[in-house]
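The values are calculated or read from the model by the stated rules, or taken from the named source; none is laboratory data. In this text, all values refer to a predicted model and were calculated from it rather than measured experimentally. With ideal geometry, Cβ positions are generated from the backbone for all residues, glycine too; neighbour counts draw on all protein chains shown. Calculation scope for accessible area: heavy atoms of the full protein, side chains included, ligands and nucleic acids excluded. Shrake-Rupley method; radii C 1.70, N 1.55, O 1.52, S 1.80 Å.
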Amino acid sequence: MHIQLSTVLLFTLLPIMSTAQPVSNAETQARLALDRFLEAFNSGDNDLVRQQVNFPAVTHGPDSISIATIPSEFAIPYEANRTQGWASSRWDRVTTYFVSDEKVNFGVDFSRLNDAGEVYVTGYVFYVFTNQNGHWGMQYRAGDLATDRYDQALLESARQEATAAVDEFFRAFNARDNAALHRVHHVPQALIAFENNLFLRADDMDAPLVHTDFSALQSRENWVRSEYEDVRIVGATPTRVIFELLFQRINTAGGVYMRIPALWVLARQDGRWGIQFRSLMASTSKGE
């Protein structure tokens, strides 16, 4: 689903490449890493799976988020999967979304098969693959089984409410209102920045990731406001909506000095939609 919105106020944290663009080396390497991850997953060996993961790694479930900071904290629940009938998984369709030199986003429709090779359930998972010192690995995943079971009215309501929360965030940010911003944040929260894939996390509302020092921002960048040009939904459940968007930072002279494609994942918790994960691609312009 693609949602086109009017220009709205936007957040400051840190080249769109559409799927129609020529395949880059980064996309090629990330796609190979995606297939290696599946091969390791199907081995049933968590040690092999961990070799295809970059850390810290984020697993975003339907109702929670977990962050594995070291390999021993990351594990596929094979015993539970086998109890449900799992023997292997396969990719049915892979869609490439944002691509930069060090990061690639994938949306994957997949099937789970039983011992007889029969499909017993399908699902959708969104991945972020990153390059850490030459190693392409999975660093973020948000998936669901049997996504076709969701009521379409519930999904549409989730899309609308999550989009409204994004809009609220942008308005609050340009108003320099941290109290209002806290209403559209959830913690724990994680972010993978574009510079060296720096990983940031917030475990409370006082963390810099969710509480912005606007005076420092304005002094450091001569920032006055941010705007976004486009946002599209690349995955949705009743409790989680995944957005890709492009925003730009504007200085006091009215110049656009940074344009940043970004992934935002909003979750519904305790009846409230808020940001829980972000991933930022490389800026396409600077110093305008």
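I'd like the residue in the stretch 16-27 that is under 20 Å from the mean Cα position of the chain (by Cα) and open to solvent by 60 Å² or more (accessible area, probe 1.4 Å) and, out of all such residues, is modelled with the lowest pLDDT.
Here the residue is Ile16.
Can you tell me which residue among Ala116, Ala164, Ala190, Ala142 is part of a helix (DSSP H, G or I) and either farther than 27 Å from Arg225 by Cβ or not aromatic (Phe, Trp, Tyr) (or both)?
Ala164
Could you tell me whether Leu198 is under 21 Å from Tyr97 (Cα atoms), surrounded by fewer than 18 Cβ atoms within 10 Å (Cβ to Cβ) and of a type outside the set (Asp, Glu)?
Judged against the criteria, Leu198 is a match.
Inspect the stretch 147-159 for any residue being open to solvent by less than 30 Å² (accessible area, probe 1.4 Å) and more than 26 Å from Val210 (Cβ to Cβ) and give the result as yes or no.
yes
Tally up the residues in the stretch 105-146 that are within 14 Å of the chain's Cα centre (by Cα), closer than 16 Å to Met281 by Cα and surrounded by fewer than 20 Cβ atoms within 10 Å (Cβ to Cβ), please.
Of the residues in the stretch 105-146, 0 are within 14 Å of the chain's Cα centre (by Cα), closer than 16 Å to Met281 by Cα and surrounded by fewer than 20 Cβ atoms within 10 Å (Cβ to Cβ).
Give all pairs with beta carbons closer than 6 Å in which a residue from the stretch 110-137 that is under 15 Å from Arg90 (Cβ atoms) meets a residue that is part of a loop (DSSP other than H, G, I, E, B) and not acidic (Asp, Glu); count only pairs at least 6 apart in sequence or on separate chains.
Arg112/Trp86; Leu113/Ala87; Asn114/Gly85; Asn114/Ala87; Asp115/Ala87; Tyr120/Gly85; Tyr120/Asn114; Val121/Ala146
Could you please give the count of residues in the stretch 31-61 that are open to solvent by less than 50 Å² (accessible area, probe 1.4 Å) and hydroxyl-bearing (Ser, Thr, Tyr)?
Residues in the stretch 31-61 being open to solvent by less than 50 Å² (accessible area, probe 1.4 Å) and hydroxyl-bearing (Ser, Thr, Tyr): 1 in total.
If the Cβ limit is 6 Å and pairs must be 6+ apart or interchain, which residue in the stretch 60-89 that is within 23 Å of His186 (Cα to Cα) pairs with which residue that is open to solvent by 30 Å² or more (accessible area, probe 1.4 Å) and part of a helix (DSSP H, G or I)?
Short answer, once both residue conditions are applied: Phe74/Arg50.
The conditions are (1) open to solvent by less than 10 Å² (accessible area, probe 1.4 Å); (2) at pLDDT 95 or above; (3) of a type in the set (A, V, I, L, M), and Val231 fails exactly one of them. Which is it?
Failing condition for Val231: (2).
Do the conditions hold for Thr69, that is, is it modelled with pLDDT of 95 or more, open to solvent by 40 Å² or more (accessible area, probe 1.4 Å) and of a type outside the set (Gly, Ala, Ser)?
yes
Would you mind telling me which numbered condition in (1) of a type in the set (Lys, Arg); (2) in contact with a helix residue (DSSP H, G or I) (Cβ under 6 Å, 6 or more places away or on another chain); (3) in a strand (DSSP E or B) Arg176 fails?
Condition not satisfied by Arg176: (3).
Within the stretch 238-254, how many residues turn out to be closer than 22 Å to Asp270 by Cβ and surrounded by 20 or more Cβ atoms within 10 Å (Cβ to Cβ)?
The number of residues fulfilling the criteria is 4.
Scan the stretch 257-288 for residues that are loosely packed, with under 15 Cβ neighbours inside 10 Å and over 28 Å from Val125 (Cβ atoms) and jot them down.
If the condition is that a residue be loosely packed, with under 15 Cβ neighbours inside 10 Å and over 28 Å from Val125 (Cβ atoms), then Ser285, Lys286, Gly287, Glu288 are the ones that fit.
Please indicate, with yes or no, whether at least one residue in the stretch 150-166 is among the basic types (Lys, Arg) and more than 15 Å from the chain's Cα centre (by Cα).
The answer is yes, given that some residue of the stretch 150-166 is among the basic types (Lys, Arg) and more than 15 Å from the chain's Cα centre (by Cα).
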